[in-house]
Structures are given as structure tokens and as C-alpha cells.
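Taking it in order: structure first as C-alpha cells, then the write-up.
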Amino acid sequence: MSPMTESGRQSSQAATIPQDVVAALTTLHDYVSSSLALPPQVIATCRGEKRAFGRNALQTMSYRKAVELFINRFATKDDWWISEFRYKPEVSIYAMFYRTHGEEDEGLVLLDERGWPELVGNAVKLNIIFTSLKFTVTTQSSN
């Protein structure tokens, strides 16, 4: 049961915190919040070339649109099979995550198409790899 005053109302005595302590706690909270926030950019690297992309822009596009973007930005004519108009290069996207939760998500990890917005939302760095579709056709002649 709570203590009652003579008039029957519950007495409450709020603890007062000095203004300088409140200001220090507010500053500390703001600092920690901003240090935990992800930067607005994601750095993508392909063959040693680095480009910065907006995190929000990448999150709002689909994985396939992001692949198209990376092909447009990084692919060379050698990545295309036959011509630029047919058989686009295959792209693998690896990410280094900002917040990791164990050794499985440390270092570069291959991203899956499903969950692209959440995955790229936690990525610090993307590594774009082109897998060539070119292959050699060998003909065997029969005697």
C-alpha cells in the first residue's frame, strides 16, 4: 500500500536532476545515437574502382535494378557475351556489414536477392564481381 497524506492523496516526491546532468546525458545520448546510425552512402568496389551510392536509393530499388545499375557503371565490353545487346554478364554482390552478429556475417558475405532492402541497409561496403558467361565451344570431328 502506498503512503497517504492526511488529506488522503498519495504523496509523491519527484527526484530532481540538476540541469547540467540532464544536458550531459542528452549530449551523450545524441552522440551514441549518431554513432550507431549508418552513413548515407554505401561504397561499391569493382576491379579496384570505387563509387559511392546512396543507401536510400539502393534500398528503394529491387535487387535486379541494382544489378542493372552496377552493370551500367562497372561492366566493360569484355564482360558481355556476344554484344552489349544480348546476354548480360552475371553479377555477384558481396557485402561487408556495419553491424555484425557473429563470425558468419563478418568480412565479405554473398548477398541473396531476397531481402535486398534490409541487407543493403546494413552494408558498409559492396564488392561487385562479374562472372563471365563466355565459354569456348569445342567441336569434335568424327573420322
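Can you tell me which of Gly48, Gly8, Gly54 is within 13 Å of Leu126 (Cα to Cα) and either over 15 Å from the mean Cα position of the chain (by Cα) or at pLDDT below 90 (or both)?
Selected residue: Gly48, the only one of Gly48, Gly8, Gly54 that is within 13 Å of Leu126 (Cα to Cα) and either over 15 Å from the mean Cα position of the chain (by Cα) or at pLDDT below 90 (or both).
Please work out which one of (1) outside any helix (DSSP H, G or I); (2) surrounded by 13 or more Cβ atoms within 10 Å (Cβ to Cβ) is the condition Phe70 fails and give its number.
Phe70 satisfies every listed condition except (1).
Can you find a residue in region 92-115 that is in a loop (DSSP other than H, G, I, E, B) and of a type in the set (Phe, Trp, Tyr)?
Yes, region 92-115 has at least one match.
So which residues in region 62-76 are under 17 Å from Gly121 (Cβ atoms) and over 13 Å from the mean Cα position of the chain (by Cα), if there are any at all?
Listed by number, the residues that qualify are Ser62, Lys65, Leu69.
Take the conditions at pLDDT below 90 and surrounded by 13 or more Cβ atoms within 10 Å (Cβ to Cβ) and apply them to Asp78. Does it pass?
Against the criterion (at pLDDT below 90 and surrounded by 13 or more Cβ atoms within 10 Å (Cβ to Cβ)), Asp78 does not qualify.
Among the residues of region 35-67, which ones are among the hydrophobic types (A, V, I, L, M, F, W, C), loosely packed, with under 15 Cβ neighbours inside 10 Å and part of a loop (DSSP other than H, G, I, E, B)?
Across region 35-67, the qualifying residues are Ala37, Leu38.
The values are calculated or read from the model by the stated rules, or taken from the named source; none is laboratory data. This is a predicted model, so every value here is computed, not measured. Here Cβ is always computed from backbone atoms with ideal geometry, including for glycine, and neighbour counts include all displayed protein chains.
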